[in-house]
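S.K.: First the structure, then my questions, so here it is.
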Amino acid sequence: MAKPVLITGASSGIGYELARVCAAHQHDVILVARREDRLKDLKEKLEAAHGVQVWPYQADLTEATARQALLDWTQSLGLPLYALVNNAGFGHLQFFAETDWERQNAMVQLNIVALTHLTRLFLPGFIAQGQGRILNVASTAAFLPGPYMAVYYASKAYVMSFTEAIASELEGTGVTATTLCPGPTESEFPDQAQIGEMELFKGKLPSSAEVAVFGYEAMERGQRIAVHGITNQMLTLSTRLLPSKQLAAMMKKLQKPG
Ligand SMILES: NC(=O)c1ccc[n+]([C@@H]2O[C@H](COP(=O)([O-])OP(=O)(O)OC[C@H]3O[C@@H](n4cnc5c(N)ncnc54)[C@H](OP(=O)(O)O)[C@@H]3O)[C@@H](O)[C@H]2O)c1
């Protein structure tokens, strides 16, 4: 049996499309998210289209016990992984002083803690087998401060720094770690984050499918940081040249809630 790819946040958007790309490349897949009906529906589609094996796994990854249970379940099935894709994440637009703490805390738990914990749980298995791939989904938000989405932007900066550091630690082990940085992309993310009306999200956006193909290929190459799209690549390059105060002022203007 082929080793599966485990994908978090596979019930919609980029994670859903990553599952389709992996299955099209003949990988078995483990689909993780809270909306089990969607995962079951995707399982049927992928098995019919590609003849791969698909396991839907319902979990709220903000819970530490759910993350440990996910590792235990894969081990009980004797399923060593080919790759771990930490994609689940969300954002929220609001003046920080007025934010709902529960929501901010859940964002930290999902975007930072779950991604770090799952990496810690599955990495020893990859190292023991002398091969494995980790794809952590950050964002172009990782490159600059984001007023009115302060925690989200900071969480993605964490993802990029953490992933680049472990990629360096993993040299010579046969295991690679890739940070995927999409810019604004069509998915449920803008509505969830209440930023659908923002200028950044108007006009023609790349589809989740395009970003998924790009991310999968970067993961396969073992690329350290993969920024999707030429405009985003220029933007992230320019953040290396401008003072962060100026970047924050620019994002403040762009993201000011209406
Ligand atoms: N779309 C963009 O513009 C954009 C840009 C840059 C980066 N990103 C990043 O790309 C990643 C994927 O986002 P997307 O755009 O595909 O958004 P999306 O369509 O909203 O997908 C988010 C996924 O995360 C899952 N999820 C949310 N909370 C969860 C929880 N507590 N436990 C388990 N799964 C959970 C959701 O599934 P359930 O609700 O079923 O649990 C869903 O499958 C995120 O990390 C996001 O920050 C997106």
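Here, each number is a calculation from the coordinates, and none is a lab measurement. The model shown is predicted, which means the values in this text are computed figures rather than measured ones. Cβ: placed from backbone, ideal geometry, glycine included. Neighbour counts: every protein chain shown.
S.K.: Return the residue satisfying two criteria in turn: it lies in region 187-201 and is in contact (Cβ under 8 Å) with a residue 24 or more places away in the chain, assigned to a loop (DSSP other than H, G, I, E, B) and of a type outside the set (S, T, N, Q), and of such residues it is farthest from the ligand (Cβ to nearest atom).
M.R.: Per the criteria, the residue is 197.
S.K.: Name the pairs whose Cβ atoms lie under 8 Å apart, with the first residue in region 206-219 and within 14 Å of residue 233 (Cβ to Cβ), the second in a helix (DSSP H, G or I), and 6 or more positions between them or separate chains?
M.R.: 211/14; 211/17
S.K.: Moving on. Only one of 70, 79, 84 is out of contact with any Lys or Arg (no Cβ under 7 Å at 6 or more places or on another chain) and more than 27 Å from residue 154 (Cα to Cα). Can you tell me which?
M.R.: Only one candidate passes the filter, namely 79.
S.K.: A further question follows. So, of the residues in region 80-139 that are closer than 25 Å to residue 192 by Cβ, outside any strand (DSSP E or B) and β-branched (Val, Ile, Thr), which turns out to be farthest from the ligand (Cβ to nearest atom)?
M.R.: Looking at residues that are closer than 25 Å to residue 192 by Cβ, outside any strand (DSSP E or B) and β-branched (Val, Ile, Thr), I get 99.
S.K.: Taking the criterion of being surrounded by 23 or more Cβ atoms within 10 Å (Cβ to Cβ), free of Cβ contacts under 8 Å to residues at least 40 places away in the same chain and near the ligand (Cβ under 9 Å from one of its atoms), would at least one residue in region 10-18 satisfy it?
M.R.: yes
S.K.: Count, please, the residues in region 68-104 that happen to be surrounded by fewer than 14 Cβ atoms within 10 Å (Cβ to Cβ) and of a type in the set (S, T, N, Q).
M.R.: Looking only at that region, the number is 3.
S.K.: So which of 188, 169 ends up being under 30 Å from residue 24 (Cβ atoms) and of a type in the set (Asp, Glu)?
M.R.: After ruling out the rest, the residue left standing is 188.
S.K.: Hey, could you check region 204-234 for residues that are small (Gly, Ala, Ser) and within 13 Å of the ligand (Cβ to nearest atom) and say which is surrounded by the fewest Cβ atoms within 10 Å (Cβ to Cβ)?
M.R.: 207
S.K.: More than 9 Å from the ligand (Cβ to nearest atom), in contact with a strand residue (DSSP E or B) (Cβ under 9 Å, 6 or more places away or on another chain) and either outside any helix (DSSP H, G or I) or of a type in the set (Lys, Arg) (or both): does that describe residue 42?
M.R.: No, not satisfied.
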